[in-house]
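Before any comments, here is the structure.
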Amino acid sequence: MSGGAVELSRVVPVSGRRWRVPRWVRRAVGPVGLVVVWQLLSGSGVLSADLLASPVDIARTAGGMLADGTLPSAMGVSLQRVVVGLVSGGLAGVGLALVSGLSRLGEDLVDATVQMLRSIPWVGVVPLFIIWLGIGEAPKIALIAVGVAFHLYLNVYAGIRGVDAQLVEAATSLGLGRWGLIRHVVLPGALPGVMTGLRYALATAWLALVFGEQVNADDGLGFLMNQAREFFRTDVIVVCLVVYAVLGLLADFLVRTLERLLLQWRPTFTGQ
């Protein structure tokens with residue numbers, strides 16, 4: 001201190017002075033450790049190659065499938081099925097949820113039927129889809145659409161009906177009409193439910209794709225897995241499973257990013 005001026009220094013909390021392992025390193029420890037243990041078991045002969053190929057062999061197989069174009073072609077076909085099924089099922093699920101959630105008459109007409117249908121295991125309708133739609137692309141896309149539609153319906157409907165009644169009352173008092181109320185209050189309030197439904201729907205879409213591509217597929221990741229099963233190629237099967245997982249993670253990342261952009265007005269707890 002000189003001439004009456006006080007020099008201030010920033011106070012750093014004790015917890016902030018500790019060195020912490022970066023979060024991405026902590027998150028990578030589990031998967032990397034699992035692969036290392038797997039490779040050690042394979043290399044020592046404890047895990048037979050006939051039972052499960054080693055990570056090194058799987059990586060070598062994946063490189064070969066990428067180089068000859070087999071894997072990119074199969075991924076393109078599977079992605080196309082998921083996108084078409086997701087859009088078809090999404091439009092149906094969201095449309096029915098809007099009809100049911102925004103009016104009591106719509107709820108009476110739609111909700112009971114949807115609740116009844118959703119209790120049927122969607123995998124169980126595969127034989128019916130084959131009879132109705134044949135063994136081409138249609139039953140595979142229909143299976144994905146059905147799995148997606150119910151998740152979106154339930155979450156969008158819950159999001160609409162979960163809007164704070166006091167907000168609706170305040171908006172009505174301010175003179176908002178029905179469409180203004182839906183646009184400025186109900187739909188923004190239902191967005192968290194929509195995002196949750198979209199994440200569930202994407203996960204179900206990949207699951208439905210696995211089932212759908214077991215039905216007489218002549219291309220796609222499921223076709224590769226069926227061929228690999230006949231020749232006991234566990235390396236190819238694992239490569240396809242890894243691709244499913246990576247595509248699922250990428251889809252989840254896109255939804256999380258979209259969620260952060262659309263729900264900036266809604267701060268949430270992010271952990272400590």
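The values are calculated or read from the model by the stated rules, or taken from the named source; none is laboratory data. This structure is a prediction, so every number in the text was calculated from the model and none was measured. Positions of Cβ are backbone-derived with ideal geometry, glycine not excepted, and every protein chain shown enters the neighbour counts. Protein only, heavy atoms only, side chains kept; ligands, DNA and RNA dropped before computing areas. Shrake-Rupley method; radii C 1.70, N 1.55, O 1.52, S 1.80 Å.
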Most to least packed among 153-160, 128-135 [average Cβ atoms within 10 Å]: 153-160, 128-135
The chain - accessible surface per residue (Å², probe 1.4 Å): 64 Å²
Where a ≥ b ≥ c are root eigenvalues of the Cα gyration tensor, a/c under 1.5 meaning rounded, otherwise prolate if a/b exceeds b/c and oblate otherwise, the range 72-145 counts as oblate
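Please identify the helices of the chain, taking whole runs of DSSP H, that span at least 24 Å along their own axis as judged from the Cα atoms and have a mean Kyte-Doolittle score of -0.5 or higher.
Flagged H segments are 23-43, 70-102, 137-161, 187-212, 234-262.
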How large is the Kirkwood hydrodynamic radius of the chain, in angstrom, based on all distinct alpha carbon pairs? 22.6 Å
Carbon + sulfur, % of accessible area of the range 133-193 - ligands and nucleic acids excluded, 1.4 Å: 66 percent
Counting only residues 5 or more places away or on other chains, whose amide H sits under 5 Å from the amide H of residue 47 once H atoms are built in the peptide plane? 42
Could you order 178, 104, 27 by accessible surface area, starting with the largest, using a probe radius of 1.4 Å? 104, 27, 178
Obtain the nm distance between the two label points defined at residue 256 and residue 241 by a simple spin-label model: each point lies 7 Å from its Cα along the Cα-to-C-beta direction. 2.3 nm
As a test question: what accessible area, to the nearest 10 Å², does residue 262 have when a 1.4 Å probe is rolled over all protein chains in place? 70 Å²
With only helices counted (DSSP H, runs n ≥ 4, each -39500 (n - 2.57)), the per-residue ellipticity at 222 nm for the chain, to the nearest 500, works out to -23000 deg cm²/dmol
Search the structure for amide H atoms under 5 Å from the amide H of residue 263, placed 1.01 Å from N in the peptide plane, and list their residues when 5 or more places away or on another chain. none
